[in-house]
Amino acid sequence: MSAKDEILGRVRRGVGKDDFAGRKAAALESLTGPQRGPQPTMAADLVGRFRAKAEYLSSTVASVAKLAEVPAAVAAYLSANGLAAEAVATPDVGGLDWAGSGVDVAARAAVDADKTGISGCFCAIAETGTLMLLSGPQTPATVSLLPETHIALVDVSRIVATMEDAFALLRAEHGSLPRAVNFISGPSRTGDIEQTIVLGAHGPCRVHLILIGTGSLP
């Protein structure tokens, strides 16, 4: 054995690289049974926590009792903010009665000219007031990224406590990751210039959340 082989052999033994089967088993165990780190302590009211965190991040929030009330809530928001009564929506929510509320909605991916985008979300995270969106044919990511205004529909039964809970839900319901997972925590912002926060730098300058299933709130 050469000096080189002897030295490398000692290194391999020192870092356990000779035990390939053991390292493989440890890696598989880590993937199939991920261990959670420290978790924040939160009250049982996940909806209240999510709403408070979302508003802290400059999102606006409204609530409706059921999905059928969403078009009217969207129309009221657009009117109150002087926005045109037209939008693009992800196909999964495009079938709501938008025309009945006076809003002209096209169910398709967004383009640069679209001013308002309406989407659902896979789930919402109470810890940080964050939306988790999955890309797919029925949920094109452009709807939440390109328009100046993003309106997201949040079923309160899909609000989970932590990021770890969100990924556990994703694994349980989908098994594997989609092409893209987007996390949205309020309007796009930057503080690059003199540490002054500017909204809408890299995406929507307005994010409005409609919570579904909580009763009618402002």
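The values are calculated or read from the model by the stated rules, or taken from the named source; none is laboratory data. Computed from a prediction, not measured in an experiment: that's the story for all the values here. Cβ: placed from backbone, ideal geometry, glycine included. Neighbour counts: every protein chain shown.
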Exactly one condition in (1) surrounded by fewer than 17 Cβ atoms within 10 Å (Cβ to Cβ); (2) touching a residue at least 24 places away in the same chain (Cβ under 8 Å); (3) within 19 Å of residue 187 (Cβ to Cβ) is false for residue 61; which is it? (1)
I'd like to know if region 110-125 contains one or more residues that are surrounded by fewer than 17 Cβ atoms within 10 Å (Cβ to Cβ), at negative phi and in contact with a Cys (Cβ under 7 Å, 6 or more places away or on another chain). no
Go through (1) touching a helix residue (DSSP H, G or I) at 6+ places or on another chain (Cβ under 7 Å); (2) under 28 Å from residue 65 (Cβ atoms) for residue 110 and report which single condition fails. (2)
In region 172-196, the residues that are at pLDDT below 75 and surrounded by 12 or more Cβ atoms within 10 Å (Cβ to Cβ): 188, 189, 190
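Residue-by-condition table, conditions (1) farther than 20 Å from residue 141 by Cβ; (2) outside the structural domain of residue 146 (by TED's automatic domain parsing); (3) not in a helix (DSSP H, G or I):
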| residue | (1), (2), (3) |
| --- | --- |
| 58 | yes, no, yes |
| 62 | yes, no, yes |
| 70 | yes, no, no |
| 105 | no, no, yes |
| 121 | no, no, yes |
Those residues of region 131-185 that are free of Cβ contacts under 8 Å to residues at least 40 places away in the same chain and either touching a Cys at 6+ places or on another chain (Cβ under 7 Å) or farther than 22 Å from residue 70 by Cβ (or both) come to a total of 10
The lone condition residue 141 fails out of (1) closer than 21 Å to residue 48 by Cα; (2) buried (at least 18 other Cβ atoms within 10 Å of the Cβ) is (1)
